[in-house]
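Trainee: This is the structure, below, for whatever I ask next.
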Amino acid sequence: MAGTHISSTHPPLHPTTEDDAVNRLRLLRSRRVGVATYRRLMAEHGDAGAALKALPEIAKAAGVKGYEVCPAGMAKAEMQAAKAAGAQLLKDDSPDYPSNLATIDDAPPLLWALGDIALLQKPMIAIVGARNASSLGTRMAKRLAQDLTAQGYVIVSGLARGIDTAAHHGALDGGTIAVQAGGVDVIYPAENAGLAKDIATKGLRLSEAPMGLQPQARHFPARNRIISGLARAVVVVEAAAKSGSLITARNALDQARDVLAVPGHPFDARAAGCNLLLRDGATLVRNADDVIEALDPIAAETAELPLVPPPSSSAKLRDTAALHNMILARLGPAPIAEDQLLRDIEAPATSVAPVLVDLELDGKITRQAGGLLARVV
């Protein structure tokens, strides 16, 4: 294969061979290779084939004994499973790869797509919310999705029950994208099998997970970063105070996306998360017009300076997002003491403590014995 592999002689935006696609899958599926490591290896070695050859020696230098890369047969089997399901592979240097998603720090290098990939070139808005949604909440999500797709937007959500399901149904005829936590060929929850089939026919299903992977709890936070990364803005319809929807909202802030929320009754726990977002400066949503009005400044995104300054009410949300990024930039896999972190970032403990809790819930940091903190990589 090495004798016929020529992709490294081409500019990075040119189409790559099937062998290169297999090599990319092998590299990304290899043990201890995450998004950041994948990108570093590709940058250092030029293509996936060269990176695979270098990986065992790199692992040995890092103290990992007996390291073996993902076998070619495993990657080819995944390619065959994708072909059988009708899915295609989107690579991060392909013109079909969504440009919005490419701007986030941890954008997935490879995506499996099932359906109409042309939707990825249209403006997208995410609608997310509670699984145990109220009747009013589901009606609101469906109506927002219908009205926004009528204005040319594609609706992104996570195919979960509740608000996600309502949003997909509302946008089915106008354009919707379901981002899945498991393999793109695995339907979860099972009750959405019919909806998932309709989305594959009329819309698009996406996943960075291997084909056939059954979703587990730890997969959903990573899935959420793709939902917010694809979209220009995230609309939260209903969400508890600690929920996956708020993780998506925090991802959106970290990714410099707008966050909007539908208010709810203070006595309804399903509205607690939305009300917290509104308290902290998220844009209040009553209808699709509110969403479109909030997105108007994005129409001028090619201008050197924004035509409309960001509203001052969002300052607290932006400050929190900045603190998230500052903490993650300081932390690495080697644990450090919390008081050392506070000295490094020169921020008061009262401001940092709730952000550390958020990052821990998101699975981005771990807290170890003795008050030590480390970043999950």
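We did not get these values from a lab; they are worked out from the coordinates using the rules stated. This one's a predicted model, so the numbers in the text were calculated from it and none came from an experiment. We place every Cβ from the backbone using ideal geometry, glycine too, and count neighbours over all the protein chains shown.
Trainee: Let a ≥ b ≥ c be the square roots of the eigenvalues of the Cα gyration tensor of region 108-251; is it rounded (a/c under 1.5), or, if not, prolate (a/b larger than b/c) or oblate?
Mentor: In terms of gyration-tensor shape, rounded.
Trainee: Need one number for region 38-91: average projected area of the convex hull over its C-alpha atoms, nm². Walk me through the numbers on the way to the answer.
Mentor: Details: hull surface 17.8 nm².
With every direction weighted equally, the projected area is 4.5 nm².
Trainee: Here is a follow-up. Among the aspartates and glutamates, which have Cα under 16 Å from the Cα of residue 364 when same-chain residues fewer than 8 positions away are ignored?
Mentor: Excluding near neighbours in sequence, the set is 105, 106, 254, 338.
Trainee: Now for a different question. Using the Karplus curve 6.51 cos²θ - 1.76 cosθ + 1.60 with θ = phi - 60°, what ³J(HN,Hα) values do you get for each residue of region 45-53, in whole Hz, with x for Gly and Pro?
Mentor: With the stated coefficients, region 45-53 comes to 10, x, 8, 5, x, 5, 5, 4, 5 Hz.
Trainee: In straight Cα distance, which lysines are under 20 Å from residue 65, not counting same-chain residues fewer than 8 positions off?
Mentor: 53
Trainee: Determine, at each q value in 0.20, 0.28 (inverse angstroms), the log₁₀ of I(q)/I(0) that the Debye formula gives when each Cα of region 215-281 is one equal point scatterer.
Mentor: -0.74, -1.18
Trainee: Sort the chain into rounded, prolate or oblate with this rule: let a ≥ b ≥ c be the square roots of the eigenvalues of the Cα gyration tensor; rounded if a/c is under 1.5, and if a/c is not under 1.5, prolate when a/b is larger than b/c, oblate otherwise.
Mentor: Values: a/c = 1.74, a/b = 1.22, b/c = 1.42.
Oblate, because a/c is 1.5 or more while a/b does not exceed b/c.
Trainee: Ranked from highest to lowest mean number of other Cβ atoms within 10 Å per residue, what is the order of the peptides 127-139, 259-271?
Mentor: With the highest mean Cβ count within 10 Å placed first, the list reads 127-139, 259-271.
Trainee: Please give every one of the lysines within straight-line cross-link reach of residue 122, meaning a C-alpha to C-alpha distance under 25 Å, and leave out same-chain neighbours fewer than 8 residues apart.
Mentor: Cross-link targets: 91, 142, 197, 202.
Trainee: In 10 Å bins starting at zero, report the fraction of Cα pairs in region 132-210 per bin as a rounded %.
Mentor: With 10 Å bins starting at 0, P(r) equals 22, 53, 23, 1.
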